[in-house]
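Below: the structure, in structure tokens.
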Amino acid sequence: MSGKFHVITGGPGSGKSSLIRALAGQGIGHMPEAGRAIIQDQIAIDGPALPWRNQKAFAEMMLAWDLRSYREAQDRQGPIMFDRGIPDVIGYLTLCGISVPDHLRRAANLCRYDRLVFLAPHWPAIYRQDQERHQSPGEAAATCAVMREVYRSLGYDLLPLPLGSVEERVAFVKSRLGDDSH
């Protein structure tokens, strides 16, 4: 879906979701992040697919969520912003030291996003842990680095977002989306 599906990736707590909410407020379609929603659901039901209980199960749930999001977005008009994409699941498993299964690699190659991927750099000034975000600042920085490498290895070009206000980031992203964002 080159030209229509845009990913914002990076480490946790780097302002991705805030940026996507602001873009959505300006009428740009979006697909929410899998990880946080899965963690919230699994906590609510005391389920096994939490990253601190079963990393493989958590990754499979994220993959299923991301595949459904990709399929659902195909019927939408205009640009769609994805709060992380299928390659992020590869990055997660890589960070965990778990081998990436072939079906996940096939999914990342089959479900393509726009070649230009926005990277939200680790930003210590805004990083906060919470009920779903347990990573240390060092782990958050490492996540950003791994996501950069995974996307590059899959043929994507990464464009770092500026460390600025949400409004500045919105203007930056919209300037790169072209006429489809208006």
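The values are calculated or read from the model by the stated rules, or taken from the named source; none is laboratory data. Since the model is a prediction, treat every value here as computed from it, not as a measurement. Cβ coordinates were reconstructed from backbone atoms using ideal geometry, including for glycine residues, and neighbour counts include every protein chain displayed.
Restricting the first member to the range 47-76 and to residues that are of a type in the set (Val, Ile, Thr), and the second to residues that are at pLDDT 95 or above and outside any helix (DSSP H, G or I), no beta-carbon pair is closer than 8 Å while six or more apart or on different chains. The condition of being over 15 Å from the mean Cα position of the chain (by Cα), loosely packed, with under 14 Cβ neighbours inside 10 Å and in contact (Cβ under 8 Å) with a residue 40 or more places away in the chain holds for only one of 43, 28, that being 43. Residue 146 falls short of the stated requirement of being at pLDDT below 95 and touching a Ser or Thr at 6+ places or on another chain (Cβ under 6 Å). Please work out if residue 175 is small (Gly, Ala, Ser), part of a helix (DSSP H, G or I), modelled with pLDDT of 90 or more and farther than 18 Å from residue 69 by Cβ. So residue 175 passes the test. For the range 1-21, filtered to residues that are modelled with pLDDT of 95 or more and aliphatic (A, V, I, L, M), the residue that is nearest to residue 68 (Cα to Cα) is 7. Consider residue 169 carefully, then state whether it is modelled with pLDDT of 90 or more, within 18 Å of residue 80 (Cβ to Cβ), out of contact with any strand residue (DSSP E or B) (no Cβ under 6 Å at 6 or more places or on another chain) and not aliphatic (A, V, I, L, M). In short, yes. Checked across the range 17-34, the condition of being among the aliphatic types (A, V, I, L, M) and out of contact with any strand residue (DSSP E or B) (no Cβ under 7 Å at 6 or more places or on another chain) holds for at least one residue. Considering the conditions (1) over 19 Å from residue 36 (Cα atoms); (2) at pLDDT below 95; (3) of a type in the set (A, V, I, L, M, F, W, C), residue 110 is excluded by exactly one of them, (2).
When you scan the range 77-90, how many residues do you find that are without any contact (Cβ under 8 Å) to a residue 60 or more places away in the chain and within 23 Å of residue 136 (Cβ to Cβ)? Working first, answer last.
Going through the range 77-90, the residues without any contact (Cβ under 8 Å) to a residue 60 or more places away in the chain turn out to be 77, 86, 89.
Subsequent filtering for residues that are within 23 Å of residue 136 (Cβ to Cβ) retains 89.
Looking only at that region, the number is 1.
Here residue 67 fits the description: touching a Cys at 6+ places or on another chain (Cβ under 9 Å), over 23 Å from residue 136 (Cα atoms), of a type outside the set (Lys, Arg) and at pLDDT 95 or above.
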